Every structure is written in C-alpha cells, then in structure tokens.
Amino acid sequence: MYIVQIASECAPVCKVGGLGDVVYGLTRELEIRGHTVEIILPKYDCMRYDHIWGLHEAYNNLSVPWYGAAISCNVYCGWVYGRLCFFIDPQSPDIFFNRGCYYGCNDDNIRFAFFSKAALEFLHRTNKRPDVIHCHDWQTGLLPVMLYEMYKYHGMEYQRVCYTIHNFKHQGIAGAEILQATGLNRPEYYFEYDRLRDNFNPFALNFMKGGIVYSNYVTTVSPNHAWEAHYTEVGCGLGHTIHQHEHKFSGVLNGIDYDVWNPSVDRYLPYHYEADDMTGKEYNKKALRERLMLAHGKKPLICYIGRLDDQKGVHLVHHAIYYALNRGAQFVLLGSATEKSINDRFWHEKNFLNDNPDCHLEIGFNEELSHLIYAGADMIVVPSNYEPCGLTQMIGLKYGTVPIVRGVGGLVNTVFDRDYDKTKPTKERNGYVFYQTDDQALESAMDRAIGLYQVYPKEFQKLRQQGMEYDYSWNHPGTDYLGIYEHIRHK
C-alpha cells in the first residue's frame with residue numbers, strides 16, 4: 001500500500017508534543033510491514049535540521065493557487081532517520097513558516113490552510129496517487145474538504161483519507177476569507193451546519209469539523225478518549241458532529257517506540273536492565289540521586305514528567321510533591337510550564353524546596369534527564385484533567401516505574417488498578433488509578449502505592465514486572481490502522 005502522512009509535526013525534526021511522535025512512529029511501523037510511506041511537512045526555519053539527512057530541492061516552482069492568484073513554493077526532500085519527508089517552502093512575503101516558531105501566530109489558520117492546499121497541489125502536480133492520505137489534527141482539517149470538493153475532479157478521485165484528532169481543544173476557527181483564499185468559495189454552501197459551520201458560532205468555519213465531515217474515516221488516540229469526545233464535554237463542542245459520523249469514528253491507542261524507550265537498550269542510561277533482572281534499575285536510581293544531589297536510602301522515589309499546564313492537572317502535581325514528602329518518599333519533577341502564572345508558582349516551589357535532600361524540581365525539559373528519571377524512579381504520577389492517550393504512563397510501565405494515574409482518556413486503556421480493577425486478573429494489573437480531581441483521591445492512590453513499596457516490597461517488585469510485560473509498541477496500532485486503510489480503500 002502507498003500511504004502519505006500529512007502533518008504539522010514529525011519527531012524529532014519538528015516536535016511540540018505527542019503528534020510528532022505518532023507521525024514518526026506509525027510511519028516506521030508501516031514501513032517495517034512493507035508499505036511505502038512518505039511524509040509531507042512545512043519547512044519551518046526553526047526545525048532541527050541536524051536530524052535531516054540529504055536535504056535537497058526536489059520540486060521547483062510549485063505554483064499553489066491562492067486568493068485568485070498563486071504562491072510559488074519549493075519542495076525539499078530529505079530523510080529523517082530513514083523516513084522519507086517532503087518539506088514545503090512557500091516563497092511568499094507572508095513568510096508562513098519562517099517565524100521562529102511552529103504555532104502561536106495570529107494567522108495560524110491561514111498558514112496551515114495554505115500548507116494543506118500546497119500538499120494537495122504537490123501530490124497533484126507530481127502524479128503521486130497514494131492509496132491513503134493520513135492527515136492529523138486541525139492543521140490539516142481542510143485537506144479532505146479540498147480533496148473531495150476540488151481535487152477529486154482533477155485526477156484524484158480514488159484517494160481516501162484517514163483523519164486523526166490528537167487534541168479536540170484546538171480546532172482551527174476561521175471566517176469566510178479562508179474559502180476565498182483556498183478557492184473553495186461558495187460561502188452559502190460551506191456555512192451549512194452539516195459541512196464546515198462551527199457548531200456554536202454561525203459566523204465561523206471549523207477546520208476540524210471539516211476534517212470529520214469529509215474524511216473517509218476519523219480516529220482519535222485511544223478508545224476511551226473516543227467515547228469521551230462523543231459523549232462528554234471533552235469533545236469541545238464537536239460531540240454532535242461525531243454522533244452524526246459515528247459509523248466512521250473510533251479510537252486507536254497510540255504506541256511508543258521501543259527502540260528509543262526501552263531500558264535494555266536505552267543509550268541515555270548508565271545501566272541497562274530487563275523485567276527478569278532489575279538490578280540495573282537500582283543502580284540508575286543511585287545515579288539519578290547523585291546527579292540531582294538527593295539523599296540515598298530506602299525511600300521510594302516518585303516522579304512527574306511532562307508539561308505543567310491545566311490539562312495535566314497541575315494542582316494535583318503540586319499536591320503530589322508535598323504528599324510524597326510527608327509520606328516518607330522522594331519526589332523529582334521534570335517539566336516546562338505553558339503559562340507564566342504556573343511557571344512562577346513552580347519556580348517558587350523550587351526555591352522553597354531547594355535544600356530539601358528528598359526533592360528536586362527541574363523546570364524546563366531535558367531529553368537525556370527524562371530517560372534517567374524514568375529508569376531511576378519507582379513510581380510516576382499522571383493526574384491529568386484530560387489525557388487523549390498519554391505516553392508517560394506507557395513509558396513508565398516499560399521502565400518498571402509504577403504509574404499512578406487519573407482514570408481518563410488513554411490512561412484508562414493502559415493502566416489497570418492493582419487492587420480494584422475488575423477487567424484484568426490480579427497477575428495482569430499494573431498500577432494505581434483514581435477518578436476524582438480532589439487531593440484526597442490522589443492521596444488514596446499514592447498511599448496504596450507507597451504502602452505496598454514500604455510494607456510488601458516483593459509484591460511491589462511483582463507489580464513492576466507485570467507492567468514491563470505489557471506491549472504498548474506500535475505493533476497493535478499498526479495493525480489497527482492497516483485495517484482502517486483497507487476498509488476505506490474498498491469503499
């Protein structure tokens with residue numbers, strides 16, 4: 001099968017969050033299974049060019065119709081750790097992708113509408129006719145719209161689209177000018193409720209809604225998050241649209257790359273280990289303590305790794321630090337804040353706890369250190385308000401670091417409570433789950449985890465090993481996506 005992924009991110013060359021990891025990881029899995037996959041990305045000026053091999057100009061003067069005229073683009077080609085990527089570089093005074101950032105500009109909707117148009121034009125002009133176009137998030141929501149309303153009539157009538165939503169919070173909102181820019185025109189047609197009109201603003205168009213309506217199949221990144229998006233406020237206003245298209249909507253759990261996240265081969269670890277011999281984990285814990293100047297001893301070490309923002313439940317992250325210390329545990333935090341108020345709050349805590357031998361807060365992100373924390377910690381807290389999939393709990397499981405999670409989104413599909421889960425036998429349970437958003441709920445789960453570590457160390461060791469035996473690689477999602485591709489190809 002010939003598949004083209006079109007997205008705004010691909011790890012590690014341009015990555016803000018989990019989207020980049022998915023585009024790279026899924027592409028690699030599909031190629032391992034013998035399929036031909038190419039990736040189309042914007043050519044940002046702030047990309048990690050040191051991760052691209054053999055970057056060269058592949059197509060000159062791609063003329064992309066825009067606002068009744070045209071913008072010329074150069075398309076570059078290069079390999080990102082073996083994945084073939086095309087980078088679209090518009091030669092426009094608007095400098096769409098030369099802004100020193102990936103997102104956050106006032107005209108993001110125009111920038112990514114142009115990218116979607118240019119990606120389709122590139123496929124059209126070069127006679128690339130993939131069996132499936134797999135596009136991602138609001139940035140490419142207009143792509144299936146343009147394919148089925150325009151490009152279908154120019155030799156692309158057999159291309160099918162799988163559309164994956166990674167985060168319902170950002171949907172891409174624009175006015176009628178986007179129709180004029182892309183050449184879709186006909187506002188009276190696209191402003192109909194069952195097409196692009198936003199569900200709550202009759203004067204706005206919604207990119208993500210367009211992606212849902214026009215795609216052949218829509219996925220989100222875990223089965224439980226698919227249910228939440230359909231039936232709760234997590235769908236951020238798109239629940240009715242999902243309901244109308246539920247016959248082509250499901251959740252496929254993300255995977256993680258076990259070539260990168262694997263304590264038996266991890267290049268960032270001083271000591272390797274496996275489920276049947278975890279001696280190296282204790283050595284990594286010692287190395288982590290030495291690096292962060294923490295006290296040695298028999299205390300459990302609890303960690304948090306991830307963004308510091310409301311989605312991640314920062315009020316509970318904050319509470320977890322002090323509850324761990326009060327329960328005779330150590331705590332390590334690694335994360336960067338997305339808002340100044342949250343950043344200021346955690347810097348205040350960092351300064352306050354600076355001399356505490358049982359606590360270290362690292363404000364910012366450090367890839368190498370994150371690997372050592374996963375390997376050295378005994379438990380990881382993931383108290384998210386909502387979590388479409390979540391990668392940290394899956395990484396924690398692989399490293400024998402017992403997850404303590406809130407029961408939302410993909411966390412429900414990957415972590416099964418040691419004491420209370422009724423869906424798994426005791427020998428297949430792998431962590432601790434709580435459901436409310438208050439301090440007491442978090443404390444109850446942390447208390448059970450810390451108690452098991454302190455009172456029943458052999459049982460805790462068994463729980464670690466059960467978690468390490470789970471397979472959250474791209475193997476299963478790869479099979480699921482190939483099933484979806486085959487399904488839509490023959491419609």
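Couple of notes before you dig in:
- Screening region 400-491 for helices (runs of 4 or more DSSP H) wholly inside it with 1 or more residues that are more than 30 Å from Thr219 (Cβ to Cβ) and modelled with pLDDT of 95 or more returns the ranges 439-455, 457-468.
- Scanning region 168-219 for residues that are farther than 30 Å from Gly483 by Cα and of a type in the set (Ser, Thr, Tyr) gives Thr182, Tyr189, Tyr190, Tyr193.
- Set side by side, the residues Tyr59, Tyr103, Tyr24 differ, and just one is in a loop (DSSP other than H, G, I, E, B) and touching a residue at least 60 places away in the same chain (Cβ under 8 Å), which is Tyr103.
- Selection from region 447-479 of residues that are under 29 Å from the mean Cα position of the chain (by Cα) and surrounded by fewer than 17 Cβ atoms within 10 Å (Cβ to Cβ): Gln465, Glu469, Tyr470, Asp471, Asn475, His476, Thr479
- Hey, Tyr273 in contact with a strand residue (DSSP E or B) (Cβ under 7 Å, 6 or more places away or on another chain), of a type in the set (Ser, Thr, Tyr) and not assigned by TED's automatic domain parsing to the domain that holds Val221 or not: no
- Count of region 180-205 residues which are within 24 Å of Pro65 (Cα to Cα) and either touching a helix residue (DSSP H, G or I) at 6+ places or on another chain (Cβ under 8 Å) or touching a residue at least 60 places away in the same chain (Cβ under 8 Å) (or both): 13
- Inclusion of His154 among residues that are in contact with a His (Cβ under 7 Å, 6 or more places away or on another chain) and assigned by TED's automatic domain parsing to the domain that holds Gly18 is warranted.
- Residues satisfying the stated conditions in region 235-276, i.e. over 20 Å from Asn366 (Cβ atoms) and of a type in the set (D, E, K, R): Glu246, Lys248, Asp259, Glu274, Asp276
- Region 359-390, subset assigned to a strand (DSSP E or B) and of a type in the set (A, V, I, L, M, F, W, C), residue farthest from Val433 (Cα to Cα): Ile363
- Test: residue in region 135-147 that is among the aromatic types (Phe, Trp, Tyr), within 21 Å of the chain's Cα centre (by Cα) and at pLDDT below 95: no
- The single residue among Ile39, Ile52, Ile110, Ile88 that is under 22 Å from Gly255 (Cβ atoms), in the same structural domain as Gly483 (by TED's automatic domain parsing) and at pLDDT 95 or above turns out to be Ile39.
- Members of region 81-95 found to be out of contact with any Asp or Glu (no Cβ under 8 Å at 6 or more places or on another chain) and either more than 28 Å from His154 (Cα to Cα) or not acidic (Asp, Glu) (or both), listed by number: Tyr81, Phe87, Ile88, Pro90, Gln91, Ser92, Pro93, Ile95
- Among the residues listed as Thr426, Thr414, the single one being of a type outside the set (Phe, Trp, Tyr), under 22 Å from the mean Cα position of the chain (by Cα), assigned by TED's automatic domain parsing to the domain that holds Gly297 and more than 23 Å from His319 (Cα to Cα): Thr414
- Lone qualifier among Asn356, Asn351 - being in a loop (DSSP other than H, G, I, E, B) and of a type outside the set (Val, Ile, Thr): Asn356
- Matching residues in region 326-340 - criterion: being at pLDDT 95 or above and surrounded by fewer than 17 Cβ atoms within 10 Å (Cβ to Cβ): Asn326, Gly328
- Any hit, region 149-163, residues being in a loop (DSSP other than H, G, I, E, B), closer than 23 Å to Asp480 by Cβ and either among the charged types (D, E, K, R) or in contact with an Asp or Glu (Cβ under 6 Å, 6 or more places away or on another chain) (or both): no
The values are calculated or read from the model by the stated rules, or taken from the named source; none is laboratory data. This one's a predicted model, so the numbers in the text were calculated from it and none came from an experiment. In this analysis, Cβ positions are derived from the backbone assuming ideal geometry, glycine residues included, and neighbour counts consider all displayed protein chains.
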